[in-house]
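The values are calculated or read from the model by the stated rules, or taken from the named source; none is laboratory data. Please read all numbers here as calculations on a predicted model, not as lab measurements. Cβ: placed from backbone, ideal geometry, glycine included. Neighbour counts: every protein chain shown.
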Amino acid sequence: MEFSNDIQRWVAEYGTLVYLGIFLWAFFEGETFVIFAGAASQQGTLHFWFLLFAAWFGSFTGDQMWFWLGRRYGTRILERRPNWRHGVDGALELLKRYDTWFILSFRFVYGVRNFASFAMGLARVNPLRFALLNFVAAFVWAFSFAGFGYMFGHALEAVMGDIANNFLYIMLGVFVFAASVVYLVHRRQWKKAAAAAAREAAGEPPTRIAAD
């Protein structure tokens, strides 16, 4: 397949950009790309440990950013994003009930994971404590999904044979492109939220931020 050969050649020549894509995807979103990248590492397209570190530090730094955004501007942002309130309240309730265990496991909790770090900053969780637990939790998350992807690659190869390699190259290319789009969208949203909070702190009239 010509397209898959192009993807293979692109990965060989610009492999660093793939790891950057993994970092950005883990920074902003979830596990899908990490799973496919883990499968690609089983095929020899990517280096498993480079993949692991990219996903680990991407997830860690992303949640650190949302934690500090919640800690510094949380109340002001919620005033402009009332549609976030339900998810934030759910995360705060789980934090109250499970504390440390929630910090270690929120990446695996569907429905609140996107608000969890922001909510913990809003709740004034100790920054050093959060950073240490978040560092451990990010590693567990990255290793779990990269490892699952690696085993998925084995299973895919057993079922599909040589076709598995082409399939993974195509999916890797698709998700690299998707990671770029996700990064641009979330960067725009974060800038809007930060700018609104800064205007509030400066005493300027509030500017409405359109809901998603």
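Looking only at residues of the range 44-56 that are of a type in the set (G, A, S) and either outside any helix (DSSP H, G or I) or closer than 12 Å to F139 by Cβ (or both), we find that the one that is modelled with the highest pLDDT is A55.
Of all residues in the range 2-22, none satisfies being at pLDDT 75 or above, surrounded by 17 or more Cβ atoms within 10 Å (Cβ to Cβ), touching a helix residue (DSSP H, G or I) at 6+ places or on another chain (Cβ under 7 Å) and within 19 Å of A131 (Cα to Cα). Among the residues of this structure, G147 counts as one that is under 20 Å from the mean Cα position of the chain (by Cα) and closer than 26 Å to I35 by Cβ. Within the range 117-141, residues that are under 18 Å from L24 (Cα atoms) have Cβ atoms under 9 Å from residues that are at pLDDT below 95 and assigned to a loop (DSSP other than H, G, I, E, B) in these pairs: W141/E31, counting only partners at least 6 apart in sequence or on another chain. Of the residues that make up the range 104-113, is at least one among the basic types (K, R) and either under 30 Å from T16 (Cα atoms) or within 14 Å of the chain's Cα centre (by Cα) (or both)? Looking through the range 104-113, at least one residue is among the basic types (K, R) and either under 30 Å from T16 (Cα atoms) or within 14 Å of the chain's Cα centre (by Cα) (or both). Restrict the check to the range 76-95 and report whether at least one residue is closer than 22 Å to S144 by Cβ and of a type in the set (F, W, Y). Within the range 76-95 (the criterion being closer than 22 Å to S144 by Cβ and of a type in the set (F, W, Y)), the answer is no, since none of the residues qualifies. Just checking, does the range 26-33 include any residue being touching a helix residue (DSSP H, G or I) at 6+ places or on another chain (Cβ under 9 Å) and surrounded by fewer than 19 Cβ atoms within 10 Å (Cβ to Cβ)? Yes, the range 26-33 has at least one match. Out of curiosity, is R107 at positive phi and not hydrophobic (A, V, I, L, M, F, W, C)? For R107, the condition - at positive phi and not hydrophobic (A, V, I, L, M, F, W, C) - is not met.
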